[in-house]
Protein chains: 2
Amino acid sequence: MAERDYRRLPGERYDLSAIDPSDTGDYEGKKKGEKELEKRREVLLELQRKLHVDGRNSLLVVLQAMDCAGKDGTIRHVLGAFEPQGTQVASFKVPSEEERAHDFLWRIHKAVPRLGMVGIFNRSHYEEVLVVRVKELKPEAVWRTHFEHINNFERLLAESGVTIVKIFLHISPEEQAERLRDRQQRPEKQWKFSPGDLEDRVRWKSYMAAYEEALTLCNTDHAPWYVVPADKKWHRNLVVSEILIETLKNMDLQYPDPVADIDSYVIPDIE
Amino acid sequence: MAERDYRRLPGERYDLSAIDPSDTGDYEGKKKGEKELEKRREVLLELQRKLHVDGRNSLLVVLQAMDCAGKDGTIRHVLGAFEPQGTQVASFKVPSEEERAHDFLWRIHKAVPRLGMVGIFNRSHYEEVLVVRVKELKPEAVWRTHFEHINNFERLLAESGVTIVKIFLHISPEEQAERLRDRQQRPEKQWKFSPGDLEDRVRWKSYMAAYEEALTLCNTDHAPWYVVPADKKWHRNLVVSEILIETLKNMDLQYPDPVADIDSYVIPDIE
């Protein structure tokens with residue numbers, strides 16, 4: 001169960017070394033898992049359509065992970081269940097000149113989903129306490145202030161109808177090596193291979209320390225973090241789908257009331 | 001075949017009364033059709049992933065139709081095959097105060113997909129020669145200038161890497177009446193029923209005349225219009241999928257070259 005295993009109480013410390021990336025929980029293997037995912041995709045679609053027409057809330061899914069951990073695959077296989085019309089994906093890369101000329105939340109704020117929508121952040125404002133910290137792109141005195149700004153910002157969103165779910169896809173360095181090797185060797189995947197990924201890989205421990213602190217300091221009731229074991233893709237998809245279904249079900253979504261006196265309208269003939 | 005039946009040569013007149021909205025072409029019925037669509041969704045996904053990583057072109061799908069003709073369903077069932085990360089939907093409703101304070105293409109231009117992306121317009125700049133014309137929201141001297149502006153704008157996009165496909169979902173007034181009645185009577189659909197749809201319905205002939213002129217005057221080699229018979233949803237989905245597959249296949253999409261000396265990189269160990 002996602003709620004039980006993959007989330008900490010606000011204030012409690014996240015210890016990533018205590019969470020096994022190859023865990024497959026109570027699930028009974030890949031084959032059954034993939035069938036189960038198909039069913040859940042239908043549940044997700046139904047819930048999202050309700051979110052869309054209800055229009056009183058939006059859902060913001062923040063995805064963070066090391067390279068190769070499966071952000072793209074999660075978006076494809078789980079969040080791909082949603083209707084394109086109700087879904088928007090924002091991918092945050094290296095900030096542009098204009099973005100760097102604003103505070104770090106400026107470009108994030110612009111990408112927040114409007115009510116009724118699902119917004120997916122592929123990377124997010126958390127990069128400002130992850131890559132920025134690990135690669136020392138800003139001094140600690142600066143990035144350390146970001147935790148509080150992030151919590152304040154997320155509370156603003158939550159109080160404005162945005163339900164926030166933050167997911168860290170937790171992969172092991174061994175599994176990452178496998179996937180990097182796969183990209184390096186399989187001709188149809190070689191275009192994905194980026195030497196920059198190797199530079200991040202050697203900083204693995206620094207990244208884990210940065211993640212642990214970010215997850216711990218920014219884990220609130222209104223914007224919880226989930227750590228999802230991600231070595232097994234099928235299991236990762238199941239846990240993420242479970243988290244999203246639980247979250248959407250807790251939102252008490254309703255179809256709007258029909259127009260008054262709906263029966264009184266006559267549909268005109270057209271010759 | 002979509003190319004043969006549902007498209008006119010530039011300059012040729014579109015006569016909507018000559019295209020049967022309940023046509024099911026060469027297809028062999030709903031059941032086989034739905035199976036075929038499943039296969040095509042996989043082809044579409046593969047092509048879109050290639051479009052995304054190729055990054056030299058984008059695809060813009062413009063959807064126009066009368067109410068209930070199935071724009072939402074087409075987006076869900078056909079364009080839903082694409083990855084959320086490579087797809088963006090823009091729905092153009094009544095312009096806001098800010099949008100009205102600009103030229104009619106301003107808000108459209110902002111929503112054009114960047115290279116690598118699929119953009120879907122649920123309604124579009126064509127409303128400016130359709131609803132605006134039929135409801136006399138602007139004088140003819142104004143909206144009549146729009147045809148040329150639209151052609152110029154679409155040529156700008158086409159010459160900048162945007163492949164444009166424009167689709168008119170062609171429904172009969174009888175089928176629309178069925179679908180309106182369905183919304184009116186089925187409790188789970190009643191929230192969709194809007195009296196405004198009836199107001200548009202009584203103007204059916206004016207709308208068809210406006211569509212015929214827009215399709216005829218804005219049907220260019222770089223931004224062709226397709227008329228898709230849409231009374232049968234399964235057939236509509238097949239024709240739209242066919243048009244999109246043909247269009248994407250004609251784009252000569254390529255995976256990027258891998259980084260130079262890819263074999264020379266050593267994946268570092270992490271203890």
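Across segment B:111-140, the number of residues qualifying as touching a helix residue (DSSP H, G or I) at 6+ places or on another chain (Cβ under 6 Å) and more than 19 Å from B:Leu59 (Cβ to Cβ) comes to 7. Going by the conditions given, is A:Leu130 surrounded by 15 or more Cβ atoms within 10 Å (Cβ to Cβ), over 25 Å from B:Gln88 (Cβ atoms) and in contact with a strand residue (DSSP E or B) (Cβ under 8 Å, 6 or more places away or on another chain)? When the stated conditions are applied, A:Leu130 passes them. For A:Asn219, the stated conditions hold: it is open to solvent by less than 10 Å² (accessible area, probe 1.4 Å) and more than 20 Å from B:Val259 (Cα to Cα).
Scanning segment B:222-240 for residues being open to solvent by less than 30 Å² (accessible area, probe 1.4 Å) and closer than 22 Å to B:Glu42 by Cα gives a total of 7. Select from segment B:53-92 the residues that are farther than 27 Å from A:Lys192 by Cβ and more than 12 Å from every other protein chain (Cβ to nearest Cβ) and write down the one among them that is surrounded by the fewest Cβ atoms within 10 Å (Cβ to Cβ). My answer is B:Phe92.
Residue-wise test of (1) acidic (Asp, Glu); (2) at pLDDT below 95.
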site: B:Gln190; (1), (2): no, yes
site: B:Lys205; (1), (2): no, no
site: B:Met208; (1), (2): no, no
site: B:Pro229; (1), (2): no, no
site: B:Trp234; (1), (2): no, no
site: B:Leu238; (1), (2): no, no
site: B:Leu248; (1), (2): no, no
site: B:Tyr255; (1), (2): no, yes
site: B:Asp261; (1), (2): yes, yes
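Checked across segment B:108-122, the condition of being at positive phi, touching a residue at least 40 places away in the same chain (Cβ under 8 Å) and surrounded by 16 or more Cβ atoms within 10 Å (Cβ to Cβ) holds for at least one residue.
Listed by first and then second residue, the pairs linking a residue in segment B:188-211 that is without any contact (Cβ under 8 Å) to a residue 60 or more places away in the chain to a residue that is of a type in the set (Phe, Trp, Tyr), with Cβ atoms under 7 Å apart and 6 or more places separating them unless they lie on different chains, are B:Trp191/A:Tyr255; B:Pro195/A:Tyr265; B:Leu198/A:Tyr265. Cβ-Cβ contacts under 6 Å between residues 6 or more apart (or on different chains), taken from a first residue in segment A:83-100 that is closer than 19 Å to B:His52 by Cβ to a second residue that is part of a helix (DSSP H, G or I) and among the polar types (S, T, N, Q), are listed as A:Val89/B:Gln85. Of all residues in segment B:246-271, those satisfying the criterion of being touching a residue at least 40 places away in the same chain (Cβ under 8 Å) and either at the interface with chain A (Cβ under 10 Å from one of its Cβ atoms) or in contact with a Pro (Cβ under 7 Å, 6 or more places away or on another chain) (or both) are B:Gln254, B:Tyr255, B:Pro256.
For A:Lys50, the requirement of being of a type outside the set (Ser, Thr, Tyr), open to solvent by 20 Å² or more (accessible area, probe 1.4 Å), over 17 Å from the mean Cα position of the chain (by Cα) and within 29 Å of A:Asp252 (Cβ to Cβ) is met. Looking at segment A:14-33 only, could you name the residues that are more than 20 Å from the chain's Cα centre (by Cα) and open to solvent by 50 Å² or more (accessible area, probe 1.4 Å)? A:Ser17, A:Ala18, A:Asp26, A:Tyr27, A:Glu28, A:Lys30, A:Lys31, A:Lys32, listed by residue number.
Taken as a whole, the structure places B:Ile243 among residues that are in contact (Cβ under 8 Å) with a residue 12 or more places away in the chain and open to solvent by less than 70 Å² (accessible area, probe 1.4 Å). Considered as a group, the residues in segment B:151-180 that are basic (Lys, Arg) and more than 10 Å from B:Cys68 (Cβ to Cβ) include one that is surrounded by the fewest Cβ atoms within 10 Å (Cβ to Cβ), and that residue is B:Arg155.
Condition check ((1) among the hydrophobic types (A, V, I, L, M, F, W, C); (2) at pLDDT below 95; (3) closer than 25 Å to B:Thr87 by Cβ) across all residues:
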position	(1), (2), (3)
A:Phe92	yes, no, yes
A:Leu105	yes, no, no
A:Lys110	no, no, yes
A:Ile120	yes, no, yes
A:Val129	yes, no, no
A:Asn152	no, no, no
A:Ala158	yes, no, no
A:Lys166	no, no, yes
A:Ile171	yes, no, no
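Checked against the criterion of being under 18 Å from B:Leu16 (Cβ atoms) and surrounded by 17 or more Cβ atoms within 10 Å (Cβ to Cβ), the candidates B:Trp191, B:Trp204 yield just one match: B:Trp204.
The values are calculated or read from the model by the stated rules, or taken from the named source; none is laboratory data. Being a predicted model, the structure only gives us computed values, none of them experimental. So basically every Cβ, Gly included, is an ideal-geometry build from the backbone, and we count neighbours across all protein chains shown. These accessible areas exclude ligands, DNA and RNA; they are computed on the full protein's heavy atoms, side chains included. Shrake-Rupley method; radii C 1.70, N 1.55, O 1.52, S 1.80 Å.
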